[in-house]
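None of the figures in this text is laboratory data; all of them are computed from the coordinates on show. Note that this is a predicted model, so its numbers are computed, not measured. Note that each Cβ is placed from the backbone with ideal geometry, even for glycine, and that neighbours are counted across all protein chains shown.
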Amino acid sequence: MKTQRIPALTPEPIVQEPIVQDQVMANFPKRPRDSHKGLFGTVAVIGGASGMVGAALLAARAALKLGAGCVHVGLLADNAPTIDPLQPELMLHRAADLLGSHPPSPSPEREEVNVKSMFNLDVVAIGCGMGHGLAAQNLLHDALNTRAALVLDADALNILALRPDLRPLLLSRNTATVLTPHPGEAARLLSCKVKDVQKDRVAAVRQLAQQFTCSVVLKGAGSLCAMRDGRLFVNKTGNPGMSTAGMGDVLTGMIAAFIAQGMTADDALLLAVHLHGAAGDALAQQQASIGMTATEVTEWARWLLNRHTTPTTS
């Protein structure tokens, strides 16, 4: 693949606003007393090819524990489990059954499959441990055709880089999409080198947001969040202890959970990025920087969210 430099977007100075806890929490919806799970949305997590089932489960557990009303998991692995023994509330499926992705068939019914009507999905988070094979590519194609909001992570982004023919589907969507690349994935999407992304992270994240008309977080120390309206935010939470497997999967599940509960994609992204890092900081304060796990970050993120949403009493 031919590489290129990230083009300059505009000559004017870019204002990077810090993500402020009170601001992002103000947009988190309050729960009525007569609540039921249907009020808090249905999330599908698609991924988990052979050897990577844990990635999808980490994202799904995070979506459930950060408030989504109902979470389905579509797994690609041939020997995928049918139940998560650590989180039996999750509903596990074959990925092809959940998204309706099947080999080409002459049957006209294939074109009539609509994910929204089958599972009433509000958000599809796709890519965690998904792989790059034909089955994964077909699943991304089907996800881009759904009416659900999308969170694209990991291999979904790599496939998007490999398959430019899928980009028109993304651009034609009427519902929100969030991209969550790390620098390597961003470089592949922009057809440049990682060092170019890191040299000018602001230009990279803004280019992604404009090119794909999505909300984007460019992950890393001081994660940058580019909104569809041109605003740019920098995250100040997080620490080196979070440089471990599964952290991105957890962030994906958190974003999906907040969108499912009624937040806009922009607000959900900002809250998830800030809270994800804050949970890592809380763990670091417990002298757990070395050996910190993504599962622990999910638990601390849930605790912090509840702490921030519980009214104080005098």
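Miscellaneous remarks
- Each Cα pair under 8 Å and six or more residues apart adds its sequence gap; the mean of these over the residue count of the range 211-265 is a relative contact order of 21 percent.
- Gyration tensor analysis over the Cα atoms of the range 135-250 returns equivalent ellipsoid semi-axes of 22, 16, 14 Å (largest first, whole Å).
- The residues packed around GLY127, meaning those with a beta-carbon under 14 Å from its beta-carbon, carry a net charge of -2 if Lys and Arg are +1 and Asp and Glu are -1.
- For the chain: lysine pairs under 24 Å (alpha-carbon distance), excluding those fewer than 8 apart on one chain: 16
- Build a GNM of the chain with springs between Cα atoms under 10 Å apart, and of GLY41, GLY280, GLY222 the one that fluctuates most is GLY222.
- Candidates ALA77, ALA272, ALA55, ranked by Gaussian network fluctuation over the chain, Cα under 10 Å, top entry: ALA77
- When only Cα pairs below 8 angstrom with a gap of at least 6 residues are kept, the chain shows a relative contact order of 22 percent.
- With all pairs of different C-alpha atoms in the average, the Kirkwood value for the hydrodynamic radius of the chain is 19.6 Å.
- With helices as the sole contributors, the chain gives -12000 deg cm²/dmol at 222 nm; each DSSP H run of n ≥ 4 counts as -39500 (n - 2.57), and the sum is divided by every residue.
- Least to most buried among THR146, THR244 (fewest other Cβ within 10 Å first): THR244, THR146
- Using a Gaussian network model of the chain in which every pair of alpha carbons under 10 angstrom is joined by a spring, one finds that among PRO18, PRO88, PRO240 the greatest mean-square fluctuation is at PRO88.
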